[in-house]
Amino acid sequence: MVQPKYERVVLKLSGEAIAGEKGYGIDPATIDVMVQEIKEIYELGVEIAIIVGGGNIWRGQIGEEMGMERAQADYMGMLATVMNALALQDVLENNDVPTRVQTSIEMRQIAEPYIRRKAIRHLEKSRVVIFAGGTGNPYFTTDTTAALRAAEINADVILMAKNNVDGVYDSDPSINVEAKKFDELTHLDVIAKGLKVMDSTASSLSMDNDIPLVVFNLNEPGNIKRVVLGENIGTTVLAKYDTQDSDK
């Protein structure tokens, strides 16, 4: 069997990815395709943790624009991530992939509370762990949750699956046809250049804990497996350049 490059990964999925072409809500056909991709790397023996966003159902920023208190709006967004996590769990288990959902806000009737050591034990027992509810605190994004959980469970990498974007560019490629794609960056580059990869808190946390990030196109079939096997696709964001590449 082919040996994966990464043994334990955090896969970051946006809420929009779950909505598919509808742009809102949960699209069963889209989740089913996504799960087949996840199952491929699961069968390679990779330990998988998933962070899922909630933007397909609710965004805290929208609530704030409506005049809602930001903290209240963010808590609603956390509940949206739980709905997505449960939908993803159901499809995974229907495809014979054992799964546990852990929430940062306790909901014992539907999911386990987040406990770091228990999450690691699930991974060691070949169960996919879906972290829902964000960090459990307002003012933090699910990007920050991905960086935090990756550090806590000692993940080898964060896989950031994007919709219709195949990496990190110096400007929006959908607007600027001359936008330059980066093959490799550091988290410090991302912060200094103001690149829209993940929020600055998540980038700083990843940099401080030496967690690499691979940004790639989720909608290209087989891309999750290609990244896990070490194929050079998308953009890799490192904590720092290798010494031999220090002239970059």
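Details
- Qualifying residue in the range 43-59 (condition: without any contact (Cβ under 8 Å) to a residue 60 or more places away in the chain, of a type in the set (Lys, Arg), more than 26 Å from residue 231 (Cβ to Cβ) and out of contact with any Ser or Thr (no Cβ under 9 Å at 6 or more places or on another chain)): yes
- Of all residues in the range 188-210, those satisfying the criterion of being closer than 15 Å to residue 14 by Cβ and surrounded by 22 or more Cβ atoms within 10 Å (Cβ to Cβ) are 197, 198, 202.
- Reported count of residues in the range 170-195, each being free of Cβ contacts under 8 Å to residues at least 24 places away in the same chain and within 19 Å of the chain's Cα centre (by Cα), is 1.
- Hits in the range 153-185 (condition: buried (at least 19 other Cβ atoms within 10 Å of the Cβ) and β-branched (Val, Ile, Thr)): 153, 157, 158, 165, 168
- Scanning the range 119-139 for residues that are more than 19 Å from residue 46 (Cβ to Cβ) and either surrounded by 14 or more Cβ atoms within 10 Å (Cβ to Cβ) or in contact with a Pro (Cβ under 8 Å, 6 or more places away or on another chain) (or both) gives 132, 133, 134, 135, 136, 137, 138.
- Among the residues of this structure, residue 121 counts as one that is free of Cβ contacts under 8 Å to residues at least 24 places away in the same chain and either part of a helix (DSSP H, G or I) or within 26 Å of residue 214 (Cβ to Cβ) (or both).
- Test result for residue 213, at negative phi, crowded, with 20+ Cβ neighbours inside 10 Å and modelled with pLDDT under 95: no
- The set of residues from the range 31-51 being buried (at least 17 other Cβ atoms within 10 Å of the Cβ) and β-branched (Val, Ile, Thr) comprises 31, 35, 38, 41, 46, 48, 50, 51.
- Segments classed as strands (runs of 3 or more DSSP E), wholly inside the range 135-227, with at least 3 members that are more than 26 Å from residue 82 (Cβ to Cβ) and touching a strand residue (DSSP E or B) at 6+ places or on another chain (Cβ under 6 Å): 184-186
Each row is one residue, and each column tells you yes or no for (1) surrounded by fewer than 23 Cβ atoms within 10 Å (Cβ to Cβ); (2) touching a His at 6+ places or on another chain (Cβ under 8 Å); (3) charged (D, E, K, R); (4) under 20 Å from residue 142 (Cα atoms).
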residue	(1), (2), (3), (4)
66	yes, no, no, no
71	yes, no, no, yes
78	no, no, no, yes
97	yes, no, no, no
104	yes, no, no, yes
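The values are calculated or read from the model by the stated rules, or taken from the named source; none is laboratory data. Note that the structure is a prediction, hence the values are computed from the model and not measured. All Cβ positions, even for glycine, are placed from backbone atoms using ideal geometry, and neighbour counts span all protein chains on display.
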